[in-house]
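Input: a single structure, listed below in structure tokens.
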Amino acid sequence: MESLQGLKTRKAAVKNVGTITKAMEVVSATKMRKSQEVALRTRPYAIEALRLLRKVAKLAGETPWTTARPVKKTLIVVMASDRGLTGAFNAQVLRAAEILINTESAKSPVAILAIGKKVERYAQMRGLELAGSFSGFGDIVTFDEVAHVADIIVRGFATCEWDRVLTISTHFRTTLKQEVLVRELLPTNFEKLEETIREITPERGRYAQIAKDTVRDIADIAYILEPSPQVLFDTLMPYLLRMQVYHLVLEANASEHSARRVAMKTASDNADDLASALTLSYNKARQAAITKEIIEITGTQNALENA
């Protein structure tokens, strides 16, 4: 049996860890609520913008943004976090990235656009080509902060530096459920935009009805577009692509804080359980030591009396 001093030291260490994880849980819960609200608040705008892009894309027909071309190089945008203590959040993203990179690299060369220090370290360990690396966006991301990320994507696709752009990011569903999704960002088309709209439409909650009202089919409405659908699509596409990347970062941010909050809650609960078990073991060991001392004292007294 472990010594009393050893059990006492372990119990104090576990309680200290529990105090730290409890404090981190409170901080993560605050950040989680803010990031979730921002991500969910932007969904109606994101859906409306994608719906507009979908409508114009359908009317514009073939454009450089929608025409598939021979793939000489693929850009994969991977979004994870800068820090750990997020449970399986980073592991799930990097596992999906590993599968996708292996699949795509067998067809054509691959470059990585890393968002988050974890992705950058992963790409460096794998010896992958980095098209760019971004980190430190902060807990509440602004549109201007991610605009330069989208600019790299747009510029590289427009100059044929890469012929296909894929994204791997975590889509926020609920606090306990986040999904890692792979999307083809470019080239885009009507069907892909439809699928993206369906993916980001909330299933329930206070923002669900707003999003569903936004996504209603209005195909029977005739638009008059000037100067032409093609010109409008080429003009709108870079801006709406920036918006789409911004929304992906917001979703990943909300998922990260949710995963960290759940991880810290689990760690705090485990620390409490372990502290209770160690307290019980300590009390048993202490009781056994007291009983042993009483037996020794009684035995010594009996031996002296019989001497």
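The values are calculated or read from the model by the stated rules, or taken from the named source; none is laboratory data. Just so it is clear, the structure is predicted and the values come from calculations on it, not from any experiment. Positions of Cβ are backbone-derived with ideal geometry, glycine not excepted, and every protein chain shown enters the neighbour counts.
The figures follow:
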| read-out | value |
| --- | --- |
| Top-ranked residue in the stretch 92-119 [being assigned to a loop (DSSP other than H, G, I, E, B) and under 16 Å from residue 162 (Cβ atoms); ranked as modelled with the highest pLDDT] | 109 |
| Yes/no for residue 46 being surrounded by 14 or more Cβ atoms within 10 Å (Cβ to Cβ) and in a helix (DSSP H, G or I) | yes |
| Filter result for residue 23 (under 12 Å from residue 175 (Cβ atoms) and modelled with pLDDT of 75 or more) | no |
| Selection status of residue 213, assigned by TED's automatic domain parsing to the domain that holds residue 57, modelled with pLDDT under 70 and in a loop (DSSP other than H, G, I, E, B) | no |
| Pairs where the first residue, in the stretch 11-40, is outside the structural domain of residue 280 (by TED's automatic domain parsing) and the second is outside any helix (DSSP H, G or I) and among the basic types (Lys, Arg), C-beta under 7 Å, 6+ apart | none |
| Qualifying position, being closer than 24 Å to residue 33 by Cβ and assigned to a helix (DSSP H, G or I), among 240, 250 | 250 |
| Test for residue 168: is it closer than 23 Å to residue 43 by Cα and either under 14 Å from the mean Cα position of the chain (by Cα) or at pLDDT below 85 (or both) | yes |
